[in-house]
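The values are calculated or read from the model by the stated rules, or taken from the named source; none is laboratory data. As the structure is a prediction and not an experimental result, all values here were calculated from the model. With ideal geometry, Cβ positions are generated from the backbone for all residues, glycine too; neighbour counts draw on all protein chains shown.
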Amino acid sequence: MTKNFSDVFYEVPDGLTLYARDYLGPSADAPVVLCLHGLSRNSRDFADLAPLLQKTHRVVVPEQRGRGNSAWDPEPSRYIPPTYIADMIFLLGHLGIHSCALVGTSMGGLMAFGLHALAPSLLTHLVINDIGPEIAKKGLDRIKQYVGSSMCFPDWSAATDYIQVGNQTVFPHYTRADWEAFAHRMCSERNGDVCLDYDPLISAPMKAAGGDDALSDLWPLYDGLRDLPLMLIRGGTSDLLDEACAAQMRARHPGLVYLEVPHIGHAPMLNEPGVAEAIGEFINS
């Protein structure tokens with residue numbers, strides 16, 4: 001099968017070699033979309049969305065350090081959003097990109113808050129997928145519990161079983177074929193096993209930070225987005241972005257485009273019916 005993207009490997013200032021998919025647009029001067037994945041995910045999460053957006057945009061999908069094809073960091077303390085944001089600024093400079101729309105899932109959405117604060121003229125549109133300035137404790141506790149807990153499995157069937165058990169409440173209507181596809185997005189083959197495709201230490205800084213106040217107040221960063229075209233996607237049963245936070249986000253940004261994906265938890269895959277099309281319409285507005 002022919003790939004519809006090119007592989008980009010680049011070295012950041014601290015010496016790590018990181019990776020991104022680059023889906024070229026319909027022309028050399030096509031506008032750009034930057035897609036940022038969640039905490040334990042990788043570029044394959046956008047394998048359905050990127051080709052649709054590629055019809056009008058160049059789509060760049062990085063893998064943060066410690067995920068996918070990007071190198072694992074020998075200093076786990078650097079697995080924090082400020083480091084990831086610096087990596088993204090370096091990548092955009094490396095590719096000669098001066099402005100872009102951004103689609104950020106979970107951690108990727110939080111990164112977008114900081115990215116806009118550091119480079120206010122960079123973003124043209126922002127799509128936030130199932131995250132907000134306040135993170136619900138139930139969802140945060142769940143993430144702390146599962147990330148890095150089990151990493152490798154004897155075969156793809158066992159990996160699929162593990163992912164299905166852990167995410168059944170998030171995607172209650174998934175078939176076995178859906179879970180198998182999900183496993184291939186989250187895992188890769190390594191040394192004869194099938195392993196989750198990330199460094200198990202990516203959650204170490206978050207776990208070390210401890211309790212409910214581990215995250216600083218992000219509302220000022222969100223309020224800084226008030227002049228930016230903004231779209232918020234929420235899983236209807238999300239345990240990370242609760243209804244109260246989503247309502248406050250809408251109240252603080254009256255122009256916000258809001259889309260709720262019913263019967264889905266954290267986080268929508270953006271391949272649910274009509275979701276990718278809505279994102280495409282928004283970033284082309």
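Quick notes on this one:
- Residue tally, condition part of a loop (DSSP other than H, G, I, E, B) and either within 17 Å of D197 (Cβ to Cβ) or free of Cβ contacts under 8 Å to residues at least 40 places away in the same chain (or both), over segment 39-54: 5
- Elements of type helices (runs of 4 or more DSSP H) in segment 176-249, at least 1 residues being within 30 Å of P120 (Cα to Cα), assigned by TED's automatic domain parsing to the domain that holds L49 and in contact with a Gly (Cβ under 8 Å, 6 or more places away or on another chain): 219-223
- Scope segment 266-285; condition touching a helix residue (DSSP H, G or I) at 6+ places or on another chain (Cβ under 8 Å) and either within 27 Å of Q168 (Cβ to Cβ) or of a type in the set (D, E, K, R) (or both); matching residues: H266, P268, M269, L270, N271, A276, E277, I279
- Among the residues making up segment 135-169, those that are touching a Pro at 6+ places or on another chain (Cβ under 9 Å) and of a type in the set (A, V, I, L, M) are V147, M151.
- Summed over segment 143-161, residues that are buried (at least 18 other Cβ atoms within 10 Å of the Cβ) and either in contact with a Ser or Thr (Cβ under 6 Å, 6 or more places away or on another chain) or in contact (Cβ under 8 Å) with a residue 60 or more places away in the chain (or both) total 2.
- Candidate set: segment 162-212, residues that are loosely packed, with under 12 Cβ neighbours inside 10 Å and of a type in the set (G, A, S); chosen: the one modelled with the highest pLDDT: A177
- Tallying residues that are charged (D, E, K, R), without any contact (Cβ under 8 Å) to a residue 40 or more places away in the chain and in a loop (DSSP other than H, G, I, E, B) within segment 56-92 yields 1.
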